[in-house]
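Student: Take a look at the following structure, please.
The values are calculated or read from the model by the stated rules, or taken from the named source; none is laboratory data. From a predicted model like this one, the values you see are computed outputs, not experimental measurements. Because the Cβ atoms are built from the backbone with ideal geometry, glycine has one as well, and the counts that use them run over all protein chains shown. The accessibility values were calculated without ligands, DNA or RNA, using every heavy atom of the protein model including side chains. Shrake-Rupley method; radii C 1.70, N 1.55, O 1.52, S 1.80 Å.
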Amino acid sequence: MLVDVLSSGPGEVMLLVATALVVAESALLIGVVMPGLGVPIAVGVLSAAGAVPWTASVPCICIAAVLGRLLAFLRGRSSDLTSTLARVRDVPMVRSCLEAIASRPRTVVVLSQWFAVVRTLVPRLVVSELSLRAFVLVAAPAAVAWASTALFIGRLLHDSSRLAAGIVRVDQALAVAIPVLVVLLAVVSWRRARTRRRSSLGRDGSETPPSPT
């Protein structure tokens with residue numbers, strides 16, 4: 001468990017490690033398979049136990065959450081993730097995602113903060129819809145709220161709160177279910193799109209060209 005790992009060294013050092021993990025989870029694409037909510041929750045547990053200072057945990061984790069999203073947005077400016085998805089826009093799921101981002105980018109940024117995987121991907125996908133300033137204005141409060149909530153859940157867990165334990169179990173289940181669901185939907189959408197293209201080509205090929213007069 002993350003609590004055991006983060007409690008294996010000096011509190012200040014482990015807090016720095018946790019801070020780096022929170023930044024990396026959003027800033028790097030590998031973050032889609034990294035622990036997300038679990039890290040600040042573990043810090044909350046350790047702070048309640050006195051293993052790491054609470055007064056340092058709150059600013060460190062909140063700043064890390066904001067910085068991770070900001071770095072992801074800046075990396076999105078130099079990556080071609082959006083253009084890559086645009087090439088497969090015919091896939092219904094991809095088209096729906098891109099349309100949602102184009103129509104309500106601020107709402108998508110705020111909501112994505114609370115879910116694994118999309119927390120890493122969305123900042124890279126809104127670079128063409130939001131300026132840096134507009135992104136920071138919506139992403140920063142959401143990141144601070146997410147980090148603060150996770151830390152508070154960790155403190156509740158230390159006090160054996162059933163509600164906090166249930167929230168953690170749900171997050172762990174979503175961390176596994178969301179990537180699997182995304183892959184399955186992508187495969188189904190791709191197969192449907194390919195079937196439609198084949199049907200269209202078949203109809204075109206079956207048409208008899210007019211004979212010359």
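Student: Scan the range 97-142 for residues that are open to solvent by less than 70 Å² (accessible area, probe 1.4 Å) and more than 26 Å from residue 34 (Cα to Cα) and jot them down.
Tutor: Of everything in the range 97-142, those that are open to solvent by less than 70 Å² (accessible area, probe 1.4 Å) and more than 26 Å from residue 34 (Cα to Cα) turn out to be 102, 130, 131, 134.
Student: Ok, one more. Would you kindly identify the helices (runs of 4 or more DSSP H) lying entirely within the range 48-133 that contain at least 3 residues that are modelled with pLDDT of 85 or more and under 27 Å from residue 149 (Cα atoms)?
Tutor: 54-78, 105-112, 118-125
Student: Can residue 34 be described as under 21 Å from residue 145 (Cβ atoms), at pLDDT below 90, of a type outside the set (Gly, Ala, Ser) and surrounded by fewer than 24 Cβ atoms within 10 Å (Cβ to Cβ)?
Tutor: yes
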